[in-house]
Each structure stands twice: as C-alpha cells, then as structure tokens.
Amino acid sequence: MQNRPLIAIRKVRKHFLGKEPIFTDINLEVSGGEFIFLTGVSGAGKSTLFRMLLGLEKPDGGIIIFNGSDVRTLAGEDMCRHRRSIGMIYQDYKLLQKRSAEDNIAIPLQINGSPRNIRDKKIKDITRKLKIGKLLKQQVQSLSGGEQQLIAIARAAVHKPILILADEPTANLDQKMATRIFEVLSLLNSEGTTVIFATHDINLLKAHQKRILLLKHSVLVEVH
Amino acid sequence: MISSAFGQTLDNLRENYSTILSGIVMTCFSLVILGTFILVYQNLIHLTQLAFRKSHYSLFLVDQISSHQKSAIAAYVKKIPDVGGIQEVSSDEAKKQLIESFVEARELLQQLDFPTFPNILEFVLDRSGPLTIEEARHLKSLDGVHDLITGRETRDQINTFFNIANFVGLFLITLLMICMVLIIYNTIHIAIRMRIKEIEILKILGASPGFIRLPYILEGTLIASISCLLSLGIIFFLYSFVVAGITFNNATYPIRGVVRFFTILEMGTFFVTIMLLGAFSSYLAANRIINNLDV
Ligand SMILES: Nc1ncnc2c1ncn2[C@@H]1O[C@H](COP(=O)(O)OP(=O)(O)OP(=O)(O)O)[C@@H](O)[C@H]1O
Ligand SMILES: [Mg+2]
C-alpha cells in the first residue's frame, strides 16, 4: 500500500476527430504528497489531461488509475465521489458570480452533506489558512481576479481533497499575486495534499525546485 | 440536503427573478386559458343537463282496477326519490285529450268506439339518471299495473349527445393540458439553461445529479404553484364579471343561480396537478441538461 502511486497513467492515447492526435503515449506516476509542475505550449493538452483525471474526458486507449481505481470504469455515485476527492482550480475561477465568497466555498461541503457546524468550522479553517477573512462576505463579482482565485482555491481545498489540479491558476494575475497563489498551494501541499500545477510561467518554474513535466509532441517527458 | 436545496432555490429566485417572473407570466397565462375553458365547459354541460334532466313516465293500469290498488300504486310512486308531477289520467280523459289533439279528425274520432282506454298514472322524474332497474321492475310487478312506458328513447339520444360532448371536451382539455406541459417544460428549461455554467461547476465539484436537480425541481414546482394560484384568481375575477353580466341581463337572469365556480375540491385537484406538472417538467428539463453537459 505504502508504495502504490496515487496516480498511474499508462499508454494513454487521445485523438479528437479532425485534429492531430494530442496524446500518443502518455505515461505518468505520481506519489501521494508530491508537488508537480505541468507545462507545455498552448494546445499541448494540459487541460485535456486534467479533464481525463477528473473523468470528464475518456482516453481512446490506455489506463488511468487514481487512488486505486480505474477512472474510466467509474460511473454514477462512484464518479461523483471520485470528483469530490479532487479539487479543481481554473484560470477563469469558475465561481458563482452572484453569490458571496463564503457561499462558493461552502458548495463542496454541501455536496458532501456536511452538517452546518462542521461546515462552518471547515470554512473558518481554510479562511484562516489562506488569510481571506475579509473577502468572505463579499459578492464574488465585486472581487479582483487574484482575490477570486484565492476563493477558488479555498473552494477546491475546503473539504481536504487528496489531489489538487490547478490549471494555469496564475495566468491572468500579476507576479505578486502569482507568487501568493503558488505559496498557498505549497502550503496545502505541505499539509499532505498532492498538487499538480499547470503553468506556462517560466519564472515560477525556475524559482522553485520541483518536479516538472513537459507535454510535447503528444508525449509527456520529465524535465526536472 | 433539503434545507440547502431550499436555500439554493431562494438564491436562484433572487438571482434570476426576471426569467422566473416571465416564466410565471407565461405559465399563468396558459393556465388562465386552460382553466377558463374547463370552467365554461363544465357550466355548459351542467346547464344542458339541467335543461334535459326531466324524464317522463306513464304507468298503464289494468281496466278493472280497484281504488284500493290505485292508491297503493300512487303511494309507491310518491316514494320514488325526485319524483314529481304525478297525475292520474282516466280513460275518458285520455280519450278527450286524444280527440282534442287531433282537431281536424274530431268528428271522425268521436264516432269511433274506443273499447279499451287504459287508466294511466303519469309522473316525472327530476334527477340526473332514469329510474333504476329495480325501481322499474318493482313498479311493473305492482298489482294493477299493466305496463310502464318511459320516454327512454329521447333520453338515450340525449345521453349519446352528452357522451359525444364529453368526449370532445375531454379531448380538447387533454390537448390544452399537453400544450400546458410543453409551455411549463419550456419555460423551466429556458430558466435552467441560463444557468448551465452553474450546473457545470456543480458537476465538476462532484455533485450527484440528484443534488443538482433538487433546487431546480423546487423552483419549477414553485413557478407552477404561484402561476396556478394567480390564474385561479384571474379566472375568478373573469367569472365574477360574467355572473354580474348574467344577473343584469333579462334573458340570462334565470340561470344566475345555476352558473357556478370551481368547488374547493376541484381547485385543489387543479392545483396539485399543476404543481406535480411543474415538478415533473423541471425534473425532465434539469435531467436533459445534466445528461447533455459535456464537462
Ligand atoms: N472536446 C474537444 N473536442 C475537440 N478538440 C478538443 C476538445 N478538447 C480539447 N481539444 C483540442 O485538444 C487540444 C489540447 O487542448 P487543451 O485545452 O488540453 O490544451 P492546453 O495545453 O490546456 O492549452 P492552453 O495552454 O491553451 O490551456 C487543442 O488542440 C484543443 O483544440
Ligand atoms: Mg488549458
């Protein structure tokens, strides 16, 4: 059990109709607790890889094992549970714009069916950890991009998922905010959450000594 | 889960009140049409039924009937529910009536000898159905009764007419109902479609279809319920106008007490049906969107 990887991707292929194949042979192993950068040019397939891990996209061939189960075979409630064990963060935040920050953070807990008091406690914990107490009561559409991303991270992490997938979370943000986002994700990683961070940001890649994966010519290569 | 769904429904209502409002207006409008149609139809059927309610019967008595037998028969007829207009016609009277009704042939008829003109007991039944089989059988078996003649043929024709009218009416109501379902379904489908991003997010976060659906089902039910109450109010308003019109018009004055609104039970049935319809169509609409979502 100890040595079993959290993620095992083998021989994954994907070809969207009428386009160049985006994956010909993708292989990857990720252990629990790792922090990984995923990079590659636009259109290389970073988002598609994340969508496959979430079970939103099926590979044409190969297998994707997450936490001991084959993602392709999951359905119904199992698929929902699988998605709940992964926190997704997007470049465009994907928050409910007209709700308060707190409402947004509470959604995964509502989905889990957590009772009110536990919900409040978990929201308080994540709020303190990410230092976003001031934003909590505000409507999301009144927040800046960076602030929205912090809320999105809080929502992705509030129910303590095993894995956080961050799809270019800093693409729309300035360097200072990008650093803060990275630090927050590092903090979550230091508490045991596995993080895969997709980014084009050379500065980030250079500044931190982490494992780096590069998607290039339809395959995945270890760079660092 | 239910309480959070309620909270979410309230939030949805607050955020999307304009879509929901137009949904209510649309649904309410079509419900007014449907409800008015049902009400008018119901009243027309009721009025015609009242007009054709009475059925006539003639009890032919034997020639040598004793007054004792006659009064026993009359007493039995009197006890039949909804009976009225009991009238005895003697053979002489019957002859006189017959002669009077054929004025041109009066002289000829007078010369003829009518050997047997039976005594007749006529009565009228004022109820929605004819004599029951047991009542008729019992009447025929009474001492001194020769035969029972009914106006059944006209009655049957009227019943046939009612059956056809009923069928046509129910057919039209069904048609309107189907339109209603489509309108409610479409309204709710549009309202949900506008929030497809929201549904997408919930799906990515691992919400089950049931969790995603629930607030929308509550919303659909609410839209249908509010529209239903509103439309009943509007129909009552229209009804009051019509009743006022009937009362102030000499020609229609006599039916003023007969025209009626829905009973509480009918309104309850209408409300529950529409509510379930709202729930069901929002269920379908939400399902369709969730299943077709390609996230
Ligand atoms: N559902 C789809 N149907 C058809 N083609 C798709 C679909 N999803 C992704 N693609 C294609 O797959 C390729 C990879 O897209 P993807 O979004 O994964 O790239 P990316 O590495 O995330 O790019 P970016 O850095 O711009 O976000 C693109 O060419 C894209 O057009
Ligand atoms: Mg992408």
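A few points about this structure:
- Its Cα centre serving as origin, chain A has a Cβ charge dipole (Lys and Arg +1, Asp and Glu -1) of approximately 560 debye.
- Cα lying deepest toward the dipole's positive end in the protein assembly as shown, options A:LEU185, B:GLN42, B:SER22, charges on Cβ: A:LEU185
- For the residues of A:82-89, the average number of beta carbons from a partner chain within 10 Å of their own beta carbon is 3.
- Across all C-alpha atoms in the stretch A:4-122, the radius of gyration and Dmax reach 16.6, 51 Å.
- DSSP-loop chymotrypsin sites (Phe, Trp or Tyr not before Pro) across the stretch A:16-81, with at most 16 other Cβ within 10 angstrom: A:PHE16
- Computed over chain B, the per-residue total of -39500 (n - 2.57) for DSSP H runs of n ≥ 4 gives a 222 nm mean residue ellipticity of -24500 deg cm²/dmol, rounded to 500.
- Shape category assigned to the stretch B:46-108 from the gyration tensor of Cα positions, a/c cut at 1.5: oblate
- Burial ranking of peptide ranges B:29-35, A:41-47 (average Cβ count within 10 Å, highest at the top): B:29-35, A:41-47
- A simple spin-label model places the labels of A:VAL41 and A:ARG13 2.4 nm from each other, with each point 7 Å out along Cα-to-Cβ.
- For chain A: rounded, prolate or oblate by the Cα gyration tensor [a/c cutoff 1.5]: prolate
- Sorted on the mean count of surrounding Cβ atoms within 10 Å across their residues, most packed first, peptides A:147-155, A:5-13, B:257-265 read A:147-155, A:5-13, B:257-265.
- Under the span-like rule (Cα at least 24 Å along the axis, Kyte-Doolittle mean at least 1.0), DSSP H helices of chain B: B:17-51, B:152-193, B:209-247, B:264-292
- According to the Cα-based calculation, Rg over Rh for the stretch B:138-214 is 1.58, with Rh computed by the Kirkwood formula.
- Given R0 = 56 Å, the distance between the Cβ atoms of B:GLU122 and B:ILE33 translates into a calculated FRET efficiency of 0.75.
- q = 0.07, 0.10, 0.16 Å⁻¹, chain B: log10 I(q)/I(0) [Debye, one scatterer per Cα]: -0.52, -0.75, -1.19
- Gaussian network model of chain B, springs between alpha carbon atoms under 10 Å - residue of B:MET194, B:MET180, B:MET26 with greatest fluctuation: B:MET194
- Inter-chain Cβ neighbour average for residues A:93-100, partner chain, 10 Å: 4
- Estimated [θ] at 222 nm from DSSP helical runs (n ≥ 4, -39500 (n - 2.57)) normalised by residues in chain A, nearest 500: -11000 deg cm²/dmol
- Under the span-like rule (Cα at least 20 Å along the axis, Kyte-Doolittle mean at least -1.0), DSSP H helices of chain A: A:175-190
- Legend: translational diffusion of the protein assembly as shown by Stokes-Einstein, Rh = Kirkwood radius over C-alpha pairs, 20 °C, 1.002 mPa s; D = 71 µm²/s.
- Computed extension gain for B:THR150 through B:ASN163, at 0.36 nm per residue and net of the alpha carbon distance, reaches 2.6 nm.
- Ordering of B:218-228, B:239-249 by packing [mean C-beta count within 10 Å, highest first]: B:218-228, B:239-249
- The stretch B:1-106: proportion of alpha-carbon pairs further apart than 20 angstrom, %: 72 percent
- R0 of 41 Å, Cβ-Cβ distance B:ILE45-B:ALA74: FRET efficiency to nearest 0.05: 0.70
We did not get these values from a lab; they are worked out from the coordinates using the rules stated. Only a predicted model underlies this, so the values are computations on that prediction, with no experimental measurement involved. Reconstructed Cβ throughout: ideal geometry from the backbone, glycine too, with neighbour counts over all protein chains shown.
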